[in-house]
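Below is one structure; the comments refer to it alone.
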Amino acid sequence: MTSPTFIPSPKPIPFELRPSTIQGTGAFATRRIRKGTRIIEYIGERITQEEADRRYDDEAMERHHTFLFNLDNKGVLDAGTVHNESRYINHSCDPNCEALIDKGHIYIYALRDIEPGEELVYDYAYERTEDMGPDSEALYVCKCGSPKCRGTILAPVKPEPARKKAASKAKSKSKARGKKSRGKQGAGKKPSSPSSKSSKRTRPVRRKRAG
Ligand SMILES: [Zn+2]
């Protein structure tokens, strides 16, 4: 594999990189960042799903460590080969930032007002597939240290599709609401699915290898 290319953000960024208690190097606010601010573009090499599979093999890794984001059905952004400061923003189960796709680009936005010195974090919410068991939980272990930590950087388990069991609908709905009540994430913008037409910004999915 070629060595990673670092492309610094063209704009002055409102954070600095230094060691983090969550993992490796983290991004820490150097000034107050207001809620809704577009902080930085998540830079990566645009590759195909097939190429992403060729490059990374989850089973061969002791601890999951890739920098892939699903852009759409065809495209994946790989920040393992081309990246900027955005790659150092760690995961937390209690995030103060979120990643959203806007016109084919991924940006990190402030979910709430962030004070200087705070570490910038967003919920990686890696896609969860049916074949994932305890082994996967271990591979995707979370060490964010938040009281709200769910123990894994995998996305929270989704409630059953409502159409399957009408009877359990109310139950799973309230369950989902309970989960989302953490922080301001659930109170503000609803996470929109890529097919949502109501919002031009969509939430990208951190990608594991296919199959
Ligand atoms: Zn956590």
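Would you kindly derive the ³J(HN,Hα) couplings of the stretch 113-126 from the backbone phi angles with the Karplus curve 6.51 cos²θ - 1.76 cosθ + 1.60 (θ = phi - 60°), listing them in order in whole Hz, with x for Gly and Pro?
5, 10, 8, x, x, 6, 6, 7, 8, 9, 7, 4, 6, 3
Given labels modelled 7 Å from the Cα in the Cβ direction, how far is it in nm from residue 35 to residue 3?
Going by the 7 Å Cα→Cβ label model, 4.4 nm.
Give the long-range amide H neighbours of residue 67: residues separated by 5 or more places, or on another chain, with amide H under 5 Å away, using H modelled in the peptide plane at 1.01 Å from N.
Close amide H contacts, sequence-distant or interchain: 79, 80.
Which ordering of 105, 83 is given by a fewest-first count of other beta-carbon atoms within 10 Å? Walk me through the numbers on the way to the answer.
On the way: 105 13, 83 20.
So the residues, fewest neighbours to most, are 105, 83.
Taking 0.36 nm per residue of separation and subtracting the Cα-Cα distance, what length does fully extending residue 103 through residue 130 add?
On the way: separation 27, 0.36 × 27 = 9.72 nm, distance 3.01 nm.
Here the segment from residue 103 to residue 130 would lengthen by 6.7 nm.
Bear in mind that the values in this text are calculations on the coordinates, not laboratory data. Keep in mind it's a predicted model, so treat the numbers as computed, not measured. Cβ atoms come from the backbone with ideal geometry, glycine included; neighbour counts cover every protein chain shown.
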